[in-house]
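For reference, the structure is listed below as structure tokens.
Please treat every number below as a calculation from the coordinates, not as lab data. What you are looking at is a predicted structure, and each value in this text was computed from that prediction instead of being measured.
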Amino acid sequence: MRNILIIGIGAGNPEHMTVEAIEALNRADVLFIPDKGEEKAALRALREAICVRFIRTPGYRTVPVAIPQRAEAGSDYRGVVDDWHERIAASYRALFEAELAEGQTGALLVWGDPALYDSTLRIMERVVASGLAIDWQVYPGISSVQVLAARHRIPLNSIGAPILITTGRRLAAGFPADQDSVVVMLDGEQAFAKLDPEGLDIFWGAYLGTPDEILLAGSLAELSTEITRVRAQARARHGWIMDTYMLRRRPA
Ligand SMILES: C[S@@+](CC[C@H](N)C(=O)[O-])C[C@H]1O[C@@H](n2cnc3c(N)ncnc32)[C@H](O)[C@@H]1O
């Protein structure tokens, strides 16, 4: 049987690798490196830093995983994602069969934590459902959300209250009336800038965990334009950006 390790590698800082993740990395015969979107440049640098620093035996083998492009979502978002995941699962299966002999172990290095806004686990379920005999385990990583909270020195939830973690696309429909703390990821459109800022604070972070980290926090009314400006400037300078933020209702 082949064995696959899904390893969360943190969201930009090699020092966020857990001891468990390092040990898993050292058990792998082959490292599969997904190559996708905005994570591309950052993942390449982080992966190299992690492999050089933590793999004890030289001569490890890495195999890039080309992630097929997703079709334009249009009105059938779920259908398009479903089809996209099926194609990724097929390419994972083909890679596992081609690159791993029976009894060998492969590792998939996943940005941040594999359970948060990442489809690797759903795709692995499809690979298993396709009938390939594999054993697989998941190793959690430090997510960008945890780094955001640590850098701003804030708890994610108010006392006894829930938090909502959502996407820019969903926030664009408005700040949820029943929430006081909302963490937003995958926001390429700066949905915060279109909200009524009254009574809201923002805790924003870009390139979290990396040497290029940028942090801004304060009243949304005062910072909305500034964050949009800083974000555009940083994006132009680096050629890519990843940012995450929390919006919190100020207590009355
Ligand atoms: C596909 S999701 C992956 C999330 C990842 N699994 C995690 O645990 O952080 C990508 C989104 O995560 C957030 N993100 C990931 N890394 C980040 C970083 N270093 N700084 C700021 N935001 C980051 C951004 O909102 C980005 O659009």
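The table that follows gives values for the structure above.
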read-out: Distant-in-sequence amide H partners of Thr62 (H built 1.01 Å from N, under 5 Å); value: Leu31
read-out: Theoretical ellipticity at 222 nm over the chain - DSSP helices of four or more residues, -39500 (n - 2.57) apiece, nearest 500; value: -11500 deg cm²/dmol
read-out: P(r) of region 145-249 over all Cα-Cα pairs, binned every 5 Å from zero, in whole percent; value: 2, 13, 26, 27, 20, 9, 3, 1, 0
read-out: Antiparallel DSSP beta bridges within the chain, as percent of all bridges there, nearest 5; value: 40 percent
read-out: Radius of gyration and Dmax over the Cα atoms of region 2-142, both given in Å; value: 14.8, 49
read-out: Length-normalised contact order of the chain in % [C-alpha pairs under 8 Å, at least 6 apart]; value: 23 percent
read-out: Percent breakdown of C-alpha pair distances by 5 Å bin, ordered from the shortest bin, for the chain; value: 1, 6, 12, 16, 17, 15, 13, 10, 6, 3, 1, 0, 0
